[in-house]
Amino acid sequence: MIGAMISIPRPVLLLGLAASLSLSCAQAQSVTGAGSSFAAPLYESWGTLARDKAGISVNYQSVGSGAGLNQVVAGTVDFGASDKPASRALLAEHKLVQFPTALGAIVVIVNVPDVPPGALHLDGPTLAALYDGRITEWNDPRIQAQNPGIRLPDADVAPIHRADASGTSFVFTSYLSHVSPEWKAKIGAGTSVAWTEGAGARGNDGVAASVHETIGGIGYVEYAYASHNHIPMAQLKSHDGAYIAASPNSFAATAAQADWQHAENHVVDLLDSAGANAWPIMSATYAIIPEKTRPEVKRFFEIGMREGVQEAKRLDYIPVPEAVREECLSVWSH
């Protein structure tokens, strides 16, 4: 009976070995990532480049920055992606490397009846008041004063925020904390905060869909989700006092203010940057990977950061300057 159990025809053994080798090769050529929905369009595009140029299959899950960081710490993905940079202590404890892969803008999207698309003006303190419940109607005098040529409707404000731990929320609430002492004292900044008003939605795509479907809705998303879905965006008041429309030109004006030379661990602060044309809510998005990683992971980022610059621009991101990109990639040359 034992002989019968181990007497497997030789061709079957060879076939099993071939299948095993094939599976091993397939696994070796795959890269997994998870995290920021802000950066999801970029990594999906770079994944296509990596497949075409190097035969590398990239599987990126848009689960939010908090989940992405947790997964790379746990070792369940090859890289995490976060719009909130990880602390130096966490990187050291888990032997991780962090670097910026692109700059992007967060915009405010609205669904306000009878207001022409792109015409609504908001400053930072008013935006904070819309999100913490101090302003509940769209025809509030504080909004009307910034929009003298628009008849604002008597409609309820429906703020929509991220339901997941989100780097986009971290950047947005950091901006509100910067421009509104009331917000800073009451709610503060974080990937998850104790929202006092509104409804939650998962991911940038979830917030965009919810605002699109909600009369009186207001939300915050990465620019691509608004522009590609044709959702009206508010003009925001810049640090220098002008109302600015979200556009590649206003994003470039902000990016030009980045002080990379003095940025510790390549973390730059772009919130409420000086300059009349500077968009006030911008941030870098960061990749976080183990210090010791597979060649395919290195190759994926080399392709993206060196050959994916035009793809980043096409998706309305601002590329990291070439010198910074090369400095980040040099970690693997040692």
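What to note about this one:
- Options Val267, Val297; residue that is within 21 Å of Ala34 (Cα to Cα) and out of contact with any Asp or Glu (no Cβ under 8 Å at 6 or more places or on another chain): Val267
Matching residues to (1) in the same structural domain as Ser166 (by TED's automatic domain parsing); (2) under 18 Å from the mean Cα position of the chain (by Cα); (3) buried (at least 16 other Cβ atoms within 10 Å of the Cβ):
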| site | (1), (2), (3) |
| --- | --- |
| Ala224 | yes, yes, yes |
| Met233 | yes, yes, yes |
| His239 | yes, no, yes |
| Ala255 | yes, yes, yes |
| Ser273 | no, no, yes |
| Met305 | no, yes, yes |
| Val309 | no, yes, yes |
| Glu326 | no, no, no |
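- Near pairs, Cβ below 6 angstrom, 6+ apart or cross-chain, from the stretch 247-268 (farther than 16 Å from Val171 by Cβ) to any residue that is assigned to a helix (DSSP H, G or I): Trp260/Val324
- Filter result (out of contact with any Phe, Trp or Tyr (no Cβ under 7 Å at 6 or more places or on another chain), assigned to a helix (DSSP H, G or I) and surrounded by 14 or more Cβ atoms within 10 Å (Cβ to Cβ)) within the stretch 261-271: Asn265
- Members of the stretch 50-65 that are crowded, with 18+ Cβ neighbours inside 10 Å and aliphatic (A, V, I, L, M): Ala50, Ile56, Val58, Val63
- In the set (1) closer than 15 Å to Ala263 by Cβ; (2) assigned to a loop (DSSP other than H, G, I, E, B), Thr76 fails one condition alone, (1).
- Filter pass, Ala165 being modelled with pLDDT under 95 and under 19 Å from Gly219 (Cα atoms): yes
- The stretch 116-133, residues that are closer than 17 Å to Ile160 by Cβ and not in a helix (DSSP H, G or I): Leu120, Leu122, Gly133
- When the stretch 259-302 is limited to residues that are more than 17 Å from Leu96 (Cβ to Cβ) and charged (D, E, K, R), the one that is modelled with the lowest pLDDT turns out to be Asp259.
- Among residues that are part of a helix (DSSP H, G or I), under 16 Å from Leu127 (Cβ atoms) and not charged (D, E, K, R), Val207 is included.
- Criterion violated by Trp279 - all others in (1) touching a Leu at 6+ places or on another chain (Cβ under 9 Å); (2) within 27 Å of Gln71 (Cβ to Cβ) satisfied: (2)
- Per-region count, the stretch 179-192, residues crowded, with 19+ Cβ neighbours inside 10 Å and either under 17 Å from Gly219 (Cβ atoms) or touching a residue at least 60 places away in the same chain (Cβ under 8 Å) (or both): 4
- Residue list for the stretch 79-110, filter: part of a loop (DSSP other than H, G, I, E, B) and either surrounded by fewer than 21 Cβ atoms within 10 Å (Cβ to Cβ) or out of contact with any Pro (no Cβ under 9 Å at 6 or more places or on another chain) (or both): Asp83, Lys84, Ala86, Ser87, His94, Lys95
- Among the residues here, Pro113 qualifies as in a loop (DSSP other than H, G, I, E, B), in contact (Cβ under 8 Å) with a residue 40 or more places away in the chain and either in the same structural domain as Phe38 (by TED's automatic domain parsing) or within 29 Å of Pro248 (Cα to Cα) (or both).
To keep it simple, each residue is scored yes or no on (1) among the small types (Gly, Ala, Ser); (2) out of contact with any Lys or Arg (no Cβ under 6 Å at 6 or more places or on another chain); (3) assigned to a loop (DSSP other than H, G, I, E, B); (4) at pLDDT 95 or above.
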{"position": "Val211", "(1), (2), (3), (4)": "no, yes, no, yes"}
{"position": "Tyr225", "(1), (2), (3), (4)": "no, yes, no, no"}
{"position": "His230", "(1), (2), (3), (4)": "no, yes, yes, no"}
{"position": "Ala246", "(1), (2), (3), (4)": "yes, yes, yes, yes"}
{"position": "Asn249", "(1), (2), (3), (4)": "no, yes, no, no"}
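- Look at the stretch 125-136: where a residue is surrounded by fewer than 22 Cβ atoms within 10 Å (Cβ to Cβ) and a partner is small (Gly, Ala, Ser) and in a helix (DSSP H, G or I), sitting 6+ places away or on another chain with Cβ atoms under 6 Å, you get Ile135/Ala129.
The values are calculated or read from the model by the stated rules, or taken from the named source; none is laboratory data. All values reported here derive from a predicted model rather than from experimental measurement. Counting neighbours? That spans all protein chains shown, and the Cβs are built from the backbone with ideal geometry, glycine included.
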